[in-house]
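Everything below concerns the one structure shown next.
Nothing in this text is a laboratory measurement; each read-out follows from the coordinates by a stated rule. Quantities reported herein were computed from a predicted structural model and do not represent experimental measurements. Glycine gets a Cβ as well: all are built from the backbone with ideal geometry, and neighbour counts include every protein chain shown.
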Amino acid sequence: MTPDLTAVLLSRIQFAFTVSFHIIFPAFTIGLAAWLCVLEGLSQKTGLPVYRRLFEFWLKIFGVAFGLGVVSGIVMAFQFGSNWSELSRRSGPIQGPLLAYESFTAFAMEASFFGVLMFGRHRVPPLMYLGSAIMVALGTNLSSFWILVNNSWMQVPTGFTITADGIFVPTDWRSIILNNVVFVRVSHMILAAYVTTSFCVAATGAWHLLRGMHKAEARVMLRMGLGLAAVLVPIQLIFGHLVGDYVVKHQPSKIAAIEGRWYDEQPAGEVLFAWPDETTETNRFEIRLPAPIGSLIDSSSLTSKEIGIKSIPVEDRPPIAITFFAFRIMVGIGMLMLVLAWAGAFFAWTSGLEDRRRMLWPIFLSFPLGFLATLTGWITAEVGRQPWTIFGHLRTTEAATPTLQSAEVVISLLVFCSVYALIFVFGTIYIYRLLRAGPGAVALSPIGSPNPKRPMSVRGDTA
């Protein structure tokens with residue numbers, strides 16, 4: 001039975017909406033968990049109260065973001081049964097174990113040790129508390145690993161065979177889990193999360209300096225956030241290029257759409273900007289660099305032949321404009337973050353930023369950049385994979401539930417949008433209030449003592 005094509009489109013919109021909402025929170029909590037480890041380690045090593053206050057401050061925010069991420073992520077799984085049952089049926093022998101590994105290892109680890117972080121400060125020894133923070137950070141990274149293994153297999157299927165009734169059966173788990181595509185994409189995502197958190201921390205520090213509040217904590221956030229971003233953004237750009245290498249090799253339709261290249265070129269030029277017109281199969285307002293820059297970027301060669309969109313059968317082409325623009329927004333944001341990180345880090349570690357309001361404002365306004373870059377990166381990856389769910393083997397129309405009807409999906413889409421919007425609004429408002437309140441006084445009692453006696457003094461604290 002062929003599914004209703006309108007229902008398939010609505011199901012894609014629904015899944016895109018829910019996954020876009022969900023990815024905001026892991027993109028924040030993965031890096032934030034690592035930041036908490038650093039703060040707790042510095043607090044125990046140096047004994048400076050500023051690190052303890054920052055830890056308690058960001059732990060509250062982590063708790064809220066972690067909860068929102070869990071809730072929004074669990075709901076996505078139901079759609080595999082309701083909207084994409086054919087995908088589940090046919091790829092279940094591979095995707096089922098991968099998602100189970102994520103639950104049994106990463107999620108169980110995060111949830112267990114997260115409880116220690118929230119409620120065990122005065123119940124466990126200091127090193128065990130620090131170890132719990134490390135385990136939570138490890139769990140967030142491990143969770144990202146399993147999800148990226150699953151998604152990477154859908155992008156570049158390997159280590160499997162297809163039975164007579166169309167079931168994907170694993171034949172080589174090592175090839176599925178430990179291939180080069182997984183390594184590059186996992187590194188790219190984790191770096192994106194760390195960069196996102198770095199800018200959130202730096203922006204919070206800039207915000208409090210602009211308001212003239214919590215100056216000791218703000219200086220620490222600003223310096224550490226910008227310093228980490230200054231190191232990580234260039235590394236992230238390198239891994240982004242490596243991700244492009246696998247796309248060139250394994251997904252010619254996606255790279256052709258990303259480049260906005262309609263004809264095969266050898267060597268190829270590079271389209272910087274254009275307005276791709278799929279009706280006329282041309283680019284309007286095109287600005288391009290001459291050959292062989294395109295070949296050099298795509299294939300690290302001065303003479304390589306690069307494929308054009310017209311060489312891809314029409315039925316196998318992804319939406320060109322969405323893929324083209326999403327990629328350029330992601331790259332543009334990446335370059336802007338590089339400039340901000342390097343300039344901000346230079347001033348923060350030399351002459352100081354506290355009195356440079358013209359520099360503090362751009363850093364404060366950079367808060368959403370990491371989220372936008374992550375979202376547009378995923379849009380590029382997922383929209384560029386179309387019309388395939390499992391690239392080259394299972395089309396999106398074949399992956400949908402055969403009995404799916406448009407009316408059913410409309411109702412569920414409206415419900416999802418309403419509930420998620422409500423959660424997002426209240427969650428965002430609460431996180432905003434926590435950020436605005438800033439770090440407060442916390443108990444100075446030794447870690448592991450059952451009853452903290454008095455709040456810490458804020459006099460004489462230094463960063």
- Item | Relative contact order (percent, whole number), the chain, Cα cutoff 8 Å, 6+ residue spacing | 24 percent
- Ranking of Cys200, Cys37, Cys417 by count of other Cβ atoms within 10 Å, fewest first: Cys417, Cys37, Cys200
- Query: In what sequence do Met359, Met330, Met213, Met337 fall when counting other Cβ within 10 Å, fewest first?
  - Reply: Met213, Met359, Met330, Met337
- Message: Tell me the angle of helix 369-383 to the major Cα principal axis of the chain, expressed in degrees between 0 and 90 and rounded to the nearest ten.
- Response: 20 degrees
- Note on the structure: If each part is reduced to its alpha-carbon centroid, the stretch 136-166 and the stretch 383-423 end up apart, in Å, by 20 Å
- Message: When a/c reaches 1.5 or more, the comparison of a/b and b/c decides; with that in mind, is the stretch 366-438 rounded, prolate or oblate per its Cα gyration tensor?
- Response: oblate
- Message: Classify the stretch 1-103 from the C-alpha gyration tensor, please: rounded if a/c falls under 1.5, else prolate or oblate depending on whether a/b exceeds b/c.
- Response: prolate
- Once you sort the root eigenvalues of the Cα gyration tensor of the stretch 263-353 as a ≥ b ≥ c, which label holds: rounded (a/c under 1.5), prolate (a/b larger than b/c) or oblate (the other case)? prolate
